[in-house]
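All remarks here apply to the structure that follows.
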Amino acid sequence: MPISLLSFSLVDAPVTKEEARKILERDNYVCQYCGLDGRGSFENALAMRVDFVVPRARKGKKDPKNLVACCTPCNTIKGTKVYPSFEAAKAHVLAQREELRKAWEAKTARPKARAAGA
């Protein structure tokens, strides 16, 4: 059972391992936001989670209709905000991922090598 870092007390896990496995299998181990294939590699498998479309922090229920397979980065980006629809949440997550990718590329860009003989 996880420990709440705010109260240092034990808290219930949002879903059991069996519930999570059922959702991941239903969604074929594919992130429903970005399409990451959780079966594509060991690293991808480690990143897979179950997301509450309407977050528990916003009274989202532990109902299979409110649960989707999700990778950790998309889950983090989505956060606890409530969206008008799943499609709106997905659009937000994908737009944020693209902004983060562009910022990362700008910061990690390597200077182009000089042409031979220049």
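Report yes if TYR29 is among the hydroxyl-bearing types (Ser, Thr, Tyr) and out of contact with any Gly (no Cβ under 7 Å at 6 or more places or on another chain), otherwise no. Judged against the criteria, TYR29 is not a match.
Assess whether VAL15 counts as being crowded, with 16+ Cβ neighbours inside 10 Å and either at pLDDT 95 or above or basic (Lys, Arg) (or both). Against the criterion (crowded, with 16+ Cβ neighbours inside 10 Å and either at pLDDT 95 or above or basic (Lys, Arg) (or both)), VAL15 does not qualify. Any residue that is more than 15 Å from the chain's Cα centre (by Cα), part of a loop (DSSP other than H, G, I, E, B) and not hydrophobic (A, V, I, L, M, F, W, C) - is there at least one of those in the stretch 103-111? The answer is yes, given that some residue of the stretch 103-111 is more than 15 Å from the chain's Cα centre (by Cα), part of a loop (DSSP other than H, G, I, E, B) and not hydrophobic (A, V, I, L, M, F, W, C). Could you please give the count of residues in the stretch 30-86 that are small (Gly, Ala, Ser), out of contact with any Pro (no Cβ under 9 Å at 6 or more places or on another chain) and in a helix (DSSP H, G or I)? Qualifying residue count, the stretch 30-86: 2. Of the residues that make up the stretch 62-74, is at least one in contact with a Phe, Trp or Tyr (Cβ under 8 Å, 6 or more places away or on another chain), among the basic types (Lys, Arg) and modelled with pLDDT under 95? Yes, the stretch 62-74 contains a residue that is in contact with a Phe, Trp or Tyr (Cβ under 8 Å, 6 or more places away or on another chain), among the basic types (Lys, Arg) and modelled with pLDDT under 95. Beta carbons closer than 8 Å, at least 6 apart along the sequence or on distinct chains, pair a first residue in the stretch 79-101 that is within 19 Å of PHE52 (Cα to Cα) with a second that is among the hydroxyl-bearing types (Ser, Thr, Tyr) and assigned to a loop (DSSP other than H, G, I, E, B) for ALA89/TYR33; ALA89/TYR83; LYS90/TYR33; HIS92/TYR83; VAL93/TYR33; LEU94/TYR33.
Of the listed requirements (1) in contact with a strand residue (DSSP E or B) (Cβ under 9 Å, 6 or more places away or on another chain); (2) over 19 Å from ALA13 (Cβ atoms), LYS62 misses just one: (2). The listed residues are ALA69, ALA20, and the only one of them that is among the small types (Gly, Ala, Ser), surrounded by 16 or more Cβ atoms within 10 Å (Cβ to Cβ) and touching a residue at least 40 places away in the same chain (Cβ under 8 Å) turns out to be ALA69. Sub-7 Å Cβ pairs linking a first residue in the stretch 38-60 that is buried (at least 16 other Cβ atoms within 10 Å of the Cβ) to a second residue that is basic (Lys, Arg), at least 6 apart or interchain, are ASP51/LYS78, ordered by first then second residue. Scanning the stretch 75-95 for residues that are of a type in the set (D, E, K, R), at pLDDT 95 or above and loosely packed, with under 15 Cβ neighbours inside 10 Å yields a single hit, GLU87.
The values are calculated or read from the model by the stated rules, or taken from the named source; none is laboratory data. A quick note: this is a predicted structure, and the numbers were derived from the prediction, not measured. Glycine also receives a Cβ, built like all others from the backbone with ideal geometry; neighbour counts cover every protein chain displayed.
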